[in-house]
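We did not get these values from a lab; they are worked out from the coordinates using the rules stated. Because the structure is predicted, anything quoted here is derived from the model rather than measured. Reconstructed Cβ throughout: ideal geometry from the backbone, glycine too, with neighbour counts over all protein chains shown.
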Amino acid sequence: MKRIASFEVDHTNLQKGMYISRIDGDVVTYDIRTRRPNVEEVMDNASIHTVEHLFATFVRNSPLTDKIIYFGPMGCRTGFYFLVRDMAHEDAIKLTQDAFDFIASYDGEIPGVSAAECGNYRDHSLEGAIKEAQMFLPVIRNVTQESLKY
């Protein structure tokens, strides 16, 4: 079988940051890397899950909601994928920065946390999500369009 593009990225040199993973027509997949792969401890599931709920809720309530396709965790637990349609890179960076700012200072009920709304509603950590966002803020604040390349 043909190797997929994400396996072509040299994970031994990959730093924390935000990168363009792939472009498929008007859809851009961003790699939001919160950990150095195989170097740093991976994120725990409960924190990842809560970051996912908060980030997705934030961006889907933004003025760019119609351009949002997906936000979710990587299986390796070193980051997230953020898929958008027909959105300028500058807007995607700003929206990601704003979402992590939102999560870092979030104080409230986690959206979508009930048996009716979530497939694993018991596995959340608001404290962990806030910590993850606070740790990633210095990284995401320094992302530029030029730094989006692997």
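General remarks:
- Over all pairs of different C-alpha atoms in the stretch 15-139, the reciprocal of the mean inverse distance, the Kirkwood hydrodynamic radius, equals 14.7 Å.
- Where trypsin sites (Lys or Arg not before Pro) fall in DSSP loop in the stretch 60-150, at most 16 other Cβ within 10 Å: ARG122, ARG141, LYS149
- With a Förster radius of 41 Å applied to the beta-carbon distance between THR65 and MET1, the computed FRET efficiency rounds to 0.70.
- Cβ-defined net charge surrounding THR12, 15 Å radius [Lys, Arg +1; Asp, Glu -1]: +1
- When you filter the GluC sites (Glu not before Pro) in the stretch 1-94 for DSSP loop state and at most 16 other Cβ atoms inside 10 Å of their Cβ, you are left with GLU40, GLU41.
- Positive minus negative residues near SER47 (Lys, Arg vs Asp, Glu; Cβ under 15 Å): -3
- Only helical runs count toward this figure. For the chain, summing -39,500 (n - 2.57) over DSSP H runs of n ≥ 4 and dividing by all residues gives -10500 deg cm²/dmol at 222 nm.
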